[in-house]
1. In nm to one decimal, list the spacings between the A:ASN70 label point and its equivalents in the other copies, with label points set 7 Å along Cα to Cβ, shortest first.
2. Per-residue ellipticity at 222 nm for chain B, helices alone: DSSP H runs ≥ 4 residues times -39500 (n - 2.57), over residue total, nearest 500 deg cm²/dmol?
3. Got a sec? Charge dipole of the stretch B:259-344, +1 on Cβ for Lys and Arg, -1 for Asp and Glu; which of B:MET259, B:THR339, B:THR290 is way out at the positive end?
4. Which of the listed residues, A:LEU58, A:THR36, A:PHE22, is farthest toward the dipole's positive end in the stretch A:2-68, when Lys, Arg count +1 and Asp, Glu count -1 at the beta-carbon?
5. Here is the link list: A:LYS205/B:LYS47; A:LYS233/B:LYS251; B:LYS20/B:LYS295. Which ones come out longer than 27 Å on Cα distance?
6. Using packing as a proxy for protection, rank A:10-21, A:181-192 so that the peptide with the highest average count of other Cβ atoms within 10 Å comes first.
7. Across the residues of A:3-14, average count of Cβ atoms on other protein chains within 10 Å?
8. Please report, in debye to the nearest 20, how large the charge dipole of the stretch B:34-155 is about its Cα centre when each Lys and Arg carries +1 at its beta carbon and each Asp and Glu carries -1 there.
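We did not get these values from a lab; they are worked out from the coordinates using the rules stated. Note that the structure is a prediction, hence the values are computed from the model and not measured. Here Cβ is always computed from backbone atoms with ideal geometry, including for glycine, and neighbour counts include all displayed protein chains.
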There are 2 protein chains.
Amino acid sequence: MRYEERIKAQIMRLLLEGEKTFYDIVHRQDSCLPETFALLSEMEKEKLIEIDAGKIKLTAAGLAFCKENNIRELGNVLCEACEATGIVIGGEFKKILEEYKKIAANRPKAVEEYDQGFISLEGVIKRVAFMYERGDIQNTEIFVGGDDDLLSIVLALTGMPKRVVAIDIDERLIDFINGIANERGLPLEAFTHDLRYEFGDNVRKRFDVFVTDPVETVPGIRLFISRCVSALKGIGCAGYFGLTTVESSRKKWYEIERMLLDMGFVITDIRRKFNVYPFVEESHGGFEETFKIVKKLGQKANCDWYHSALFRIEAVKEPKPLVKGTAELGPELYVDEETWATPE
Amino acid sequence: MRYEERIKAQIMRLLLEGEKTFYDIVHRQDSCLPETFALLSEMEKEKLIEIDAGKIKLTAAGLAFCKENNIRELGNVLCEACEATGIVIGGEFKKILEEYKKIAANRPKAVEEYDQGFISLEGVIKRVAFMYERGDIQNTEIFVGGDDDLLSIVLALTGMPKRVVAIDIDERLIDFINGIANERGLPLEAFTHDLRYEFGDNVRKRFDVFVTDPVETVPGIRLFISRCVSALKGIGCAGYFGLTTVESSRKKWYEIERMLLDMGFVITDIRRKFNVYPFVEESHGGFEETFKIVKKLGQKANCDWYHSALFRIEAVKEPKPLVKGTAELGPELYVDEETWATPE
């Protein structure tokens, strides 16, 4: 299988550097967790690698395989200045980062119940900087669908949007965001909403841009994106969201892309590994042991291994949500056979 | 219209820096040439800008408009170290660039007849570095569909692919590539082929990866990509190609993305402005005056304004070319109402 050969080449190239943990490998190759897990097991059976106390290394046979198959390290090609995102925190964004850091220091801790997890502070700023570059925050009304990251606050801090509205299922976050908005007089408001229910007229067709970080199941994404799409005014409006390769295979990406096109959107950007979820206690790290992958390995993370790609989409037709009415969805909204880093 | 507001915001933000030419603007906003042209004309009518001897600047009314609409410069957010591509020329790629520079110094000049144009030398290396990062060049058979850029030579110089095959309609390029391959004993061969005709069994289903820079009309891209797709072995195989926002609107991108999905591919990466076509005599610059935009403006380029996004696609189903058999296409293969930088 071509796909396995490719990922194998990515993994073996890494192991030429020296021994690695599973987590070291995950964030430097392109397959999703169950695939990586299966592939490493297969490589162990083929005696290309040895796994000892959570450390993975090449065997002599593995080294020979690399030679035979032209697998070599040509050196690092990822830009360190921007962590390969292409975006740096320049100009006024430096000041905004300092403000945001102070604010985020007091935010509610991520909880398992809502499968929360924060992208890095710098990552949030870069996401907003990218939106700025596209002309998507100047004088616009922006909808943030789920806001563990407090991205709505950063958007408002730029002083550019006409209005920012954030929704979340978690009341703690809503109170926190509204508190900051009042304290600083920002054009920002937040309210609780469960995305299983449709929006009212205060949200529907009221926004130019949406931002969200959906759950990673196909029904979950269909629902999240549909709701956000229903918030857009019309043609030319844009959406931003994160999607991982960690919990979503290329087949799942394909289903999602078809969905996006069916809703009337062109994909204008897919920026691989744009955002990283740091594995510290305050973010995901607090309930890491509930993840299938952590249970399977019996080993907790030793690095920031969870990352997502940034998608930008733009309506070329009248935006058409694929889900309408109340969604009757249970656990399949959050979990499928690839979501090995989501509480079950 | 939301789209016009967004592009206007991008343009006016730039003009806050000072006066610009049309070309200065083109490469720092997201609309295609006829759209940019129409929008600037409209802004001139609205007296937001003045155009004098090819220089565009904000009027007092334009400045007031920026203030009212919250259009400001927040500073540069594009990484200078990698020119916002995320990729740097590190490790062995530095040596490969030096070799490639020497080789490319003697290459045939771009000609109008085939709508040729070279991406920058550094850009070619970065494209290959990105492919390397994905595991797409290690021990693979790679097909290059049209090779003005001599990318096939760079791929072979890495010493990684099992085999590289380049085709082009231009005999001068084929002779040049084969000459280099023989001289250096590279696993590389080139032959002439007109993509209007199907490939024979020596190409069909023989490759793991393709790379191409298609013309920018929908029928042209349908044909180019179909032919390249027919060269792939099956599921998991990948393709790379460039697509511009300069000659293709978001609507055209939408048609193309639908086509890609219909052929069985997921889009895994869209990296905006990944490659630049330098406007020097040896590249496009030699027949610049044949471009519609240059005729319309009566003004030649003053900067490297023509760039393309890099797409990576991967087959999640058996690859299915949409065009089969000989294609009977005339000028509509090369030119549509958006291709204002293509000889007519």
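1. Ordered by distance, the counterparts are at 5.3 nm.
2. Rounded to the nearest 500, the figure is -10500 deg cm²/dmol.
3. B:MET259
4. Among A:LEU58, A:THR36, A:PHE22, the one farthest towards the positive end of the dipole of the stretch A:2-68 is A:LEU58.
5. As for pairs spanning more than 27 Å Cα to Cα, those are A:LYS205/B:LYS47.
6. Averaged packing, sorted descending, gives the order A:10-21, A:181-192.
7. 5
8. 420 debye
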